[in-house]
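The values are calculated or read from the model by the stated rules, or taken from the named source; none is laboratory data. Nothing here was measured: the structure is a model prediction, and the numbers come from that model. Note that we place each Cβ from the backbone using ideal geometry, even for glycine, and neighbour counts take in every protein chain shown. Just the protein is used for accessible areas: all its heavy atoms, side chains included, with ligands, DNA and RNA removed. Shrake-Rupley method; radii C 1.70, N 1.55, O 1.52, S 1.80 Å.
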Amino acid sequence: MACLGTGAPVDSPTGLGMDYHLQNLKTGETFSLNPNRTLIGLAEHADVRSSDPGSYLAGLIVRYATGWAIHGLSDNPAATYNGEPLCIGRQITPRHGDLIEVGEERFRFMSPRGQSTTTSVDKAPTPSLFLYVRSPDGHEECRSVDHDLLFGRLNVCHVRFHDTRLSRLAALLAAHDGQWYVHVLSKGPIGRNKRAVTGFARVEDGDELQIGPLLVRVEIRPAAATPAKTDENPTHSEDQGPDDSRPDTAASTDGDGKTVESPLSLEDEVKVNLASIRASALRLDYWLRDQTPTPPPPSHGISGWLGAQKLKLNRFWYDTPEATAARGLRAAEKYDEAFAALDRAIRNRPDSPELLRELYRLYEAIGLLDLCYRPLRMIEKLATVRGGTDTWVLETLARLCERLSKDRGGMCDRAVSYWSKLEKATGVSYARERNAIRATRTLEEGGYSKQLDE
């Protein structure tokens with residue numbers, strides 16, 4: 001797989017493909033920008049070296065199909081762009097004359113054609129991204145990503161692993177114009193589907209990345225896919241049955257005012273099938289409610305060793321074949337078949353977090369928000385009886401309860417409780433999230449909250 005952004009820059013009507021180079025205002029030295037990767041910082045492999053000891057890598061410059069972009073890579077306040085901090089997660093479109101400062105070094109963006117007038121380009125919505133990160137010991141972690149993500153050993157990294165096989169700043173996962181890309185920040189390449197990437201490459205659904213010792217599987221949910229709306233009341237979702245009153249055609253009027261029947265669109269077909277899925281999902285929900293997670297085997301003796309090995313293998317493999325099959329059916333919008341596969345598999349293996357997680361994603365994709373709680377709650381119970389804590393499921397439950405609280409007042413307290421559990425498990429303060437929930441509830445009730453965290 002060839003990396004994107006190679007070759008000479010191409011002129012475009014909007015000016016986004018214009019050539020750029022950097023000029024060191026202190027020494028007068030000029031640096032040509034490699035569209036595949038230009039790194040600025042103190043690192044030995046940086047293309048533009050700076051003398052500031054606080055910026056191992058301050059920024060990354062690349063050229064996407066729609067134009068150049070700068071990514072901030074440092075939390076050092078001495079790294080600025082036009083006087084503003086070039087912080088992690090910041091993405092900038094450069095212009096002729098813009099100034100980058102890294103400590104005492106000052107670099108100016110220069111174009112042979114001078115200042116170019118550019119027209120704004122509408123940015124495509126960023127699709128949702130889920131990452132499954134597995135470390136060499138078999139431990140895996142699921143992350144929902146809505147911002148640029150740094151991999152490496154430094155404290156500024158979002159995915160940090162203390163292993164010398166992982167570079168201090170190894171890779172950047174970033175969104176641009178509705179697509180996700182992985183950028184190599186280290187000396188050596190990283191792997192994408194067992195092929196080397198040395199600059200950057202577009203990331204697609206199902207890709208597997210090898211970043212040092214970390215194995216990262218990517219799941220991308222298209223931003224254009226909107227959940228089908230339903231008329232159910234989340235407060236009493238268990239008592240509601242399917243709605244079979246919808247017709248098989250949609251009515252419209254022509255220019256003479258006559259009614260014209262036309263086939264339903266794909267979105268309407270999903271709404272029709274949603275009733276039967278909901279009926280079956282409610283039966284599965286009742287069944288899951290009665291299930292009790294099995295405690296782990298004793299930790300002593302040969303049976304304890306065998307049980308520990310089994311749990312380790314379960315953690316080592318990302319997916320069961322059933323979960324993989326259901327994910328493919330969901331991606332193909334065959335929601336009935338996806339649910340049927342998960343229903344059978346979960347009744348045979350209710351202790352599989354992978355299957356329950358995929359069930360949650362299916363419910364969320366088709367708009368059965370009120371049914372999302374049960375599979376997540378089961379994953380939490382499984383983690384508890386096995387003596388661990390799943391931080392992903394705690395955060396997901398907190399956000400889900402917050403969404404459900406708009407129609408179910410009791411969910412506010414559950415959301416606050418889950419944020420507190422997550423704070424205890426991670427040591428990170430979530431007082432802001434708790435206060436936001438309480439403030440929202442207070443505003444809806446027309447009062448003033450005196451229960452905010454200090």
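Is region 87-106 home to any residue that is in a loop (DSSP other than H, G, I, E, B), in contact (Cβ under 8 Å) with a residue 24 or more places away in the chain, within 15 Å of residue 150 (Cα to Cα) and under 31 Å from the mean Cα position of the chain (by Cα)?
Yes, region 87-106 contains a residue that is in a loop (DSSP other than H, G, I, E, B), in contact (Cβ under 8 Å) with a residue 24 or more places away in the chain, within 15 Å of residue 150 (Cα to Cα) and under 31 Å from the mean Cα position of the chain (by Cα).
I need the full set of residues from region 63-81 which are surrounded by 19 or more Cβ atoms within 10 Å (Cβ to Cβ), more than 22 Å from the chain's Cα centre (by Cα) and closer than 20 Å to residue 147 by Cβ, in order please.
76, 79, 81
Kindly indicate whether any position in region 178-191 is charged (D, E, K, R), surrounded by fewer than 21 Cβ atoms within 10 Å (Cβ to Cβ) and modelled with pLDDT of 90 or more.
Yes, region 178-191 has at least one match.
Would you mention how many residues in region 261-290 are among the acidic types (Asp, Glu) and at pLDDT 90 or above?
Total meeting the criteria: 1.
Within region 325-426, considering only helices (runs of 4 or more DSSP H) that don't extend past its boundaries, which have at least 1 residues that are more than 25 Å from residue 127 (Cα to Cα)?
335-348, 373-385, 411-426
Mind listing just one residue for me: the one in region 109-127 that is under 30 Å from residue 29 (Cα atoms) and open to solvent by 70 Å² or more (accessible area, probe 1.4 Å) and, of those, modelled with the highest pLDDT?
Of everything passing the filter in region 109-127, 112 is modelled with the highest pLDDT.
Quick grid of which residues meet (1) touching a residue at least 40 places away in the same chain (Cβ under 8 Å); (2) surrounded by fewer than 19 Cβ atoms within 10 Å (Cβ to Cβ); (3) over 22 Å from residue 327 (Cα atoms):
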position: 365; (1), (2), (3): yes, no, no
position: 368; (1), (2), (3): yes, no, no
position: 374; (1), (2), (3): yes, no, no
position: 379; (1), (2), (3): no, no, no
position: 384; (1), (2), (3): yes, yes, yes
position: 390; (1), (2), (3): no, no, no
position: 394; (1), (2), (3): no, no, yes
position: 397; (1), (2), (3): no, no, no
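Please work out which one of (1) closer than 16 Å to residue 100 by Cβ; (2) in a loop (DSSP other than H, G, I, E, B); (3) of a type outside the set (Ser, Thr, Tyr) is the condition residue 62 fails and give its number.
Checking residue 62 against (1) closer than 16 Å to residue 100 by Cβ; (2) in a loop (DSSP other than H, G, I, E, B); (3) of a type outside the set (Ser, Thr, Tyr), the one that fails is (2).
Could you go through region 323-335 and let me know if any residue there is surrounded by fewer than 20 Cβ atoms within 10 Å (Cβ to Cβ) and of a type in the set (Val, Ile, Thr).
Yes: one or more hits.
Return the residue satisfying two criteria in turn: it lies in region 82-107 and is aliphatic (A, V, I, L, M) and either closer than 20 Å to residue 53 by Cα or in contact with an Asp or Glu (Cβ under 6 Å, 6 or more places away or on another chain) (or both), and of such residues it is most open to solvent (accessible area, probe 1.4 Å).
88
Looking at region 151-173, is at least one residue of a type in the set (Asp, Glu), under 29 Å from residue 383 (Cα atoms) and open to solvent by 10 Å² or more (accessible area, probe 1.4 Å)?
Yes: region 151-173 contains one or more residues that are of a type in the set (Asp, Glu), under 29 Å from residue 383 (Cα atoms) and open to solvent by 10 Å² or more (accessible area, probe 1.4 Å).
I'm trying to understand the selection: among the residues of region 364-392, which are in contact with a Cys (Cβ under 9 Å, 6 or more places away or on another chain) and either more than 19 Å from residue 140 (Cβ to Cβ) or of a type in the set (A, V, I, L, M, F, W, C) (or both)?
Listed by number, the residues that qualify are 364, 373, 392.
Take the conditions open to solvent by 20 Å² or more (accessible area, probe 1.4 Å), modelled with pLDDT of 85 or more and within 25 Å of the chain's Cα centre (by Cα) and apply them to residue 402. Does it pass?
yes
Any chance you could count how many residues in region 129-142 are crowded, with 18+ Cβ neighbours inside 10 Å and either part of a loop (DSSP other than H, G, I, E, B) or among the basic types (Lys, Arg) (or both)?
So the answer is 1.
Just need a number here: residues in region 430-454 that are modelled with pLDDT of 85 or more and either on the phi > 0 side of the Ramachandran plot or open to solvent by 80 Å² or more (accessible area, probe 1.4 Å) (or both).
Number of matching residues: 1.
Can you find even one residue in region 210-226 that is assigned to a helix (DSSP H, G or I), open to solvent by 60 Å² or more (accessible area, probe 1.4 Å) and at pLDDT below 60?
For region 210-226, residues assigned to a helix (DSSP H, G or I), open to solvent by 60 Å² or more (accessible area, probe 1.4 Å) and at pLDDT below 60: absent.
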